[in-house]
Amino acid sequence: MAKPTKRERTGAPPVDTGIDAKDRRKIADGLSRLLADNYTLYLMTHNYHWNVTGPMFNTLHLMFETQYNELWIANDLIAERIRSLGHPAPGTYAEFVKLASIKEEAGQPKAEVMIRRLVEGNEAVVRTARRIFPAVDAANDEPTADLLTQRMQIHEKNAWMLRSLLEE
């Protein structure tokens, strides 16, 4: 058996998946912003689930629960893709506040305001995902493109369903 090289003895081998380091960094930075937006939307949706009141209570309580559960799972998928690209995933409130385009708002607004804010939040996540595509396409990063496409579909559908609740 061959003697291990110094590199083999001193740590993990570098990432070599066919995407160069500069492109992986650019994509990971974009995904970090996506993770921050997704996590912020998760917190907002869970808060609204806990605190919604009014005539649409049951409908909204259940809808918000379905959405925050899906967002929670997506946080993991996005963070693991960042790690697969060889970069650390942000994981603190301080990092998320810096990276997110969605701003937290204190308090528990009326149900209609909750719905409007969640429409805006879902659409913000879609815009963040869309901004990553040029780097993903340039690097032929199909796994990230697939993740982004799925996230966009889910958030566009959620925005549509929420928006429908506001129509007369």
Per the charge dipole of region 5-136 (beta-carbon charges, Lys/Arg positive, Asp/Glu negative, Cα centre), the residue among Leu31, Ala124, Thr59 reaching farthest to the positive end is Leu31
So the pair-distance distribution of region 22-98, from every Cα-Cα distance in 5 Å bins, comes to percents of 3, 17, 23, 19, 14, 10, 8, 4, 2, 1, 0
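First check a/c for the chain, with a ≥ b ≥ c the square roots of the eigenvalues of its C-alpha gyration tensor; if it is under 1.5, answer rounded, and if not, answer prolate when a/b is larger than b/c or oblate otherwise. Intermediate values should be presented prior to the final figure.
Values: a/c = 2.93, a/b = 2.32, b/c = 1.26.
It is prolate, given that a/c is not under 1.5 and a/b is the larger ratio.
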In region 1-110, the trypsin sites (Lys or Arg not before Pro) that sit in a DSSP loop and have at most 11 other Cβ atoms within 10 Å of their own Cβ are Lys103, Lys110
Quick calc, the chain, dipole around Cα centre from Cβ unit charges on Lys, Arg (+) and Asp, Glu (-), nearest 20 debye, gives 740
In degrees rounded to 10, the 0-90 angle between helix 111-138 Cα long axis and the longest Cα principal axis of the chain is 20
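All of the numbers you see were taken from the coordinates with simple rules; none came from a lab. None of the values given here were measured: they were computed from a predicted structure. All Cβ positions, even for glycine, are placed from backbone atoms using ideal geometry, and neighbour counts span all protein chains on display.
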